[in-house]
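K.L.:
The structure under discussion is supplied below as structure tokens; questions concerning it will follow.
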Amino acid sequence: MFARNRCQNVARFDLSQPPFDLLTLTEASALSASADIAFFGGDQEILPASSAVDCLYLVMKGLVREMAGEDVVGVYREHESFDCRALAVGKTVHSFVAHEETLLCLFPRKEVLALTEKNPAFGAYFFETVADKFGQLSQKRDRREWQSLFAAKISDAGFRPPLFAEATATIADAARLMKENRRRSIFIRNGEETGIFTTGDFCEIVANAVPNGTPLKERAQFSLLSCEKDEQLFNALLLMTRRNVHRVVVMERGVPVGVLAQADLLAYFSNHSLSIARQIEAAANIDELAGAMRNLESLVQSLSMQGMKMPQLSRLVQALSTQLMARLWQMAASPPVFAGSALLALGSEGRGEQILKTDQDNALILAEGLDAKEVERSADSFTEYMLGLGYPSCPGGVMLNQELWRHTVQGWGRLLREWAAQSGGSALMNLSIFLDAETIVGPASWLAACRGALRAGLRDDDAWFSRMALPIEQFQAKRADGGFWRQLLNREENARFDIKKAGIFPVVHGVRVLALENHIEATNTFDRLEALVSKNVLERRLADDVAESLAFLMRLRLEAGLDALRGKKAVSNEVDTAKLSTLDKDLLQDALSVVKRFKQLIKRRYRLDRF
């Protein structure tokens, strides 16, 4: 038996964790006044499976394990609550056991449900679907994004160092200087005066037939609109808007240090992506591309902190990474090889779901008749450049410096049909990787032709698709089925598990096989899910839950990766569950439950129990 006492002291309860953080102070005080306290000894059952639930539990001290039969499926520590799901329906599915001596606060079901009617956000925690709960989380993060915009300084936006010309230089001199340095403006020195000359001035020069030999001091603007670099970026926006200008001079203690163009400012307010794209386009060498890559990494960290949704963030990163790799291939390849090739991104990069630099997955489609040695040298250079930019080698060798991943359209057609004709092993794995291919630069029609050859060689039988789907059962994660929860029971500080194996891969591969079977051309997993719904292959609710769960798992992996980068460690797929917040652990449990449901659907559809 357990001891149970009514407690009126609100100060004894920490209601700062979900879902109680959604309550107003008045609501929290009223709920606390209705609470009881209960004590349970070690291994004492708190709630049997399938029992009625008459209260919501908050752990004040101790440790509680949630059990599905003999499996641990959840762990609750101090300041964490359970069982929100059961409270909504009045009956628990799993059992809850005190793992050690545990003190619980018990909030009556009647009082909690009354608050769910008064407070919609609090009610959503109990009644909404998995997809809706993840949506609530993203809305909270979106508010932080707007707050950050108005705190930014002009120096945060970044600007190129100033480029000067003498006042006695000519218009022709300025044109050459701006073209060589890829600048849209330069500063003009005229004694102690400083002026500015921009590409916009050329319109008036051409319209009025001003001679090219005209000194710049006659055409430059010496009344400068300026802001100090430490001013708020929003002030620059206001100045441009009020004066109807497209750029302002950035000053540091009265000395010009750069120009902030309207496009730069708007790019920052749209999360820097346009400025990075322009930086990539203007890059003249590898060092400048490396600078763009560093800015891209900073962008990812910023947008992650601001709460940008994973599908949108991954697509943005894909767009910028594609531009960067296209520029890199142009630098690495000889002119004949560049003109006679299509560079492909494969795997997660091709799907648009790789946010941090995890590995290289790329390939080439080649025109007929290219010099093999020249192709090899170009491919080797590209791979070395990628390594220099921080992209690790692919452990499986899926890189264009490997001869296996360089072929003509006809060569790829033969190889893809050969892979499809095999029953397993590396052939089907390679085929899966190629199914996610996207063209980075080069004729997109070549990849379409390769896909056509693949479709022509696919086996149209259930057994083949079953073997194709089988890796979701074989690619199991250590601790994916509750082992990491058991680690938490020992209060381990380093309770790590592979989130790719536990959740991301089963979803990505299961959706990929369904898309292949149903002739869906999309490569992105979120797009494939939408297409599967439109073809009535998946129910809308399950597809939404799978999409939101995948996005959440991707976010956890991204945050773990960013944490590793800050600690100057290698990025991996492992997440330390001991560091997760109460809300993230709750959502992780929801996400893994959705993954389990989806895996069961794939197992039934392709009869994986036969293997």
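The values are calculated or read from the model by the stated rules, or taken from the named source; none is laboratory data. Everything numeric in this text was worked out from a predicted model, so none of it was measured. Glycine gets a Cβ as well: all are built from the backbone with ideal geometry, and neighbour counts include every protein chain shown. Note: areas computed on protein heavy atoms with side chains; ligands, DNA, RNA excluded. Shrake-Rupley method; radii C 1.70, N 1.55, O 1.52, S 1.80 Å.
K.L.:
Taking every DSSP beta bridge that has both residues in the chain, what percent is antiparallel when rounded to the nearest 5? Spell out each step's value before the answer.
P.N.:
Working: 55 of 64 bridges.
Expressed as a percentage, antiparallel bridges in the chain total about 85.
K.L.:
For a quick check of your reading of the filter: which GluC sites (Glu not before Pro) in region 312-374 sit in a DSSP loop and have no more than 11 other Cβ atoms within 10 Å?
P.N.:
Values: sites: E349, E353, E368, E374; in loops: E353, E368.
Here the sparse-neighbourhood loop sites are E368.
K.L.:
Taking the Cα centre of region 521-582 as origin, work out the dipole magnitude from +1 charges on Lys and Arg Cβ and -1 charges on Asp and Glu Cβ, in debye rounded to 20.
P.N.:
Working: 10 positive and 11 negative charges, 57 e Å.
With Lys and Arg at +1 and Asp and Glu at -1, about 280 debye.
K.L.:
Compare the Cα positions of A28, A52, F13 along the charge dipole of region 1-124 (+1 at Cβ of Lys, Arg; -1 at Cβ of Asp, Glu; about the Cα centre) and return the one farthest towards the positive end.
P.N.:
Farthest towards the positive end: A28.
K.L.:
Let me ask you something else. Would you mind telling me the share, in percent, of accessible area of region 497-536 contributed by carbon and sulfur at probe 1.4 angstrom? It would help to have the intermediate numbers written out before the result.
P.N.:
Values: 540 of 1260 Å².
About 43 percent, which is the carbon plus sulfur part of the accessible surface.
K.L.:
Expressed in nm to one decimal, what extension gain is obtained for the pair E78 and S593 from 0.36 nm per residue of sequence separation less their Cα-Cα distance? It would help to have the intermediate numbers written out before the result.
P.N.:
On the way: separation 515, 0.36 × 515 = 185.40 nm, distance 2.34 nm.
Taking E78 through S593 to full extension adds about 183.1 nm, to one decimal.
K.L.:
How large, in Å, is region 291-379 by the Kirkwood hydrodynamic radius built from its alpha-carbon pairs?
P.N.:
Values: mean 1/r = 0.0697 Å⁻¹.
By the Kirkwood definition, the hydrodynamic radius is 14.3 Å.
K.L.:
Give the Rg (one decimal place) followed by the Dmax (whole number) of region 156-265, computed from C-alpha coordinates and expressed in Å.
P.N.:
13.9, 41
K.L.:
Determine the share of region 318-377's accessible area contributed by carbon and sulfur atoms, expressed in whole percent, with a 1.4 angstrom probe. Before the final figure, lay out each step's value.
P.N.:
Details: 1050 of 2010 Å².
Here it works out to 52 percent.
K.L.:
When the Cα centres of region 511-528 and region 11-59 are compared, how far apart do they sit, in Å?
P.N.:
44 Å
K.L.:
Okay, next question. Given all pairs of different Cα atoms, what value in angstroms does the Kirkwood hydrodynamic radius of region 59-120 take?
P.N.:
Numbers: mean 1/r = 0.0790 Å⁻¹.
Evaluated on region 59-120, it is 12.7 Å.
K.L.:
Give, to the nearest whole percent, the P(r) tail of region 8-91 beyond 18 angstrom, counting all Cα pairs. The partial results should precede the final answer.
P.N.:
Details: 1609 of 3486 pairs.
Tail of P(r) above 18 Å: 46 percent of Cα pairs.
K.L.:
Please state the equivalent ellipsoid semi-axes for region 345-419: what are the square roots of 5 times the Cα gyration tensor eigenvalues, largest first, in whole Å? Can you show the working numbers first?
P.N.:
Numbers: eigenvalues 96, 54, 17 Å².
Value: 22, 16, 9 Å, ordered largest first.
K.L.:
Further, regarding this structure: Would you mind working out the magnitude of the charge dipole of the chain relative to its Cα centre, with +1 at each Lys and Arg C-beta and -1 at each Asp and Glu C-beta, to the nearest 20 Debye?
P.N.:
Working: 74 positive and 77 negative charges, 93 e Å.
Result for the chain is approximately 440 debye, rounded to the nearest 20.
K.L.:
Given a 1.4 angstrom probe, I'd like the percentage of the accessible area of region 160-255 that is carbon and sulfur, rounded to a whole number. Before the final figure, lay out each step's value.
P.N.:
Numbers: 2790 of 5910 Å².
That share works out to 47 percent.
K.L.:
Starting from the Cα of A30, step 7 Å along the direction of its Cβ; do the same at S423; then give the gap between the two resulting points in nm.
P.N.:
Inter-label distance under the simple model: 6.7 nm.
K.L.:
Is it possible to state the helix-based mean residue ellipticity at 222 nm for the chain, with each DSSP H run of 4+ residues giving -39500 (n - 2.57), the sum divided by total residues, to the nearest 500 deg cm²/dmol? What is it?
P.N.:
Details: 26 runs with 304 residues, N = 611.
Calculated from helices alone, the mean residue ellipticity at 222 nm is -15500 deg cm²/dmol.
K.L.:
List the pair-distance distribution P(r) of the chain, using every Cα-Cα distance, as the percent of pairs falling in each 20 Å bin from 0 up to the bin containing the longest distance, rounded to whole percents.
P.N.:
Cα pair-distance distribution for the chain, in percent: 17, 40, 31, 11, 1.
K.L.:
Please calculate how many Å² of accessible area the chain carries per residue, with a 1.4 Å probe and no DNA, RNA or ligand atoms counted. Let's see the in-between values first.
P.N.:
On the way: 28260 Å² over 611 residues.
I get 46 Å² per residue for the chain.
K.L.:
Protein chains only, probe 1.4 Å: how do L177, L106 rank by accessible area, largest first?
P.N.:
The most accessible residue leads, giving L177, L106.
K.L.:
Pop a pseudo-label 7 angstrom from the Cα along the beta-carbon direction at both V245 and E70 and give the gap in nm to one decimal.
P.N.:
Going by the 7 Å Cα→Cβ label model, 7.7 nm.
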